[in-house]
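To start, the structure under review is shown below, and the notes come after it.
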Amino acid sequence: MVLEGQARFIVGDVEKLLGPGDMYVIPGGVVHKVISLDCLVKALDFFHPVREEYL
């Protein structure tokens, strides 16, 4: 979920422009990257199921 700023999400061969309040689901095992389009971008990651290595 993007909290501040704008970013380009590239998930597989799909590109989406996201801004504050926007969310994008990235399936496990899919190559992806995020490119900041503003000086400051804040985002919040959610994982399901919980990734134990991040606790």
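General observations
- If you go through region 31-54 and keep only what is basic (K, R) and either modelled with pLDDT under 90 or at positive phi (or both), you end up with just R51.
- Index of the failed condition, G28 passing every other in (1) without any contact (Cβ under 8 Å) to a residue 12 or more places away in the chain; (2) in contact with a Gly (Cβ under 7 Å, 6 or more places away or on another chain); (3) of a type outside the set (K, R): (2)
- Boolean, Y24 is hydroxyl-bearing (S, T, Y) and surrounded by 10 or more Cβ atoms within 10 Å (Cβ to Cβ): yes
- Restricting attention to region 28-49, the residues that are farther than 14 Å from K16 by Cβ and either among the aromatic types (F, W, Y) or surrounded by fewer than 10 Cβ atoms within 10 Å (Cβ to Cβ) (or both) add up to 11.
The values are calculated or read from the model by the stated rules, or taken from the named source; none is laboratory data. Note that the structure is a prediction, hence the values are computed from the model and not measured. Counting neighbours? That spans all protein chains shown, and the Cβs are built from the backbone with ideal geometry, glycine included.
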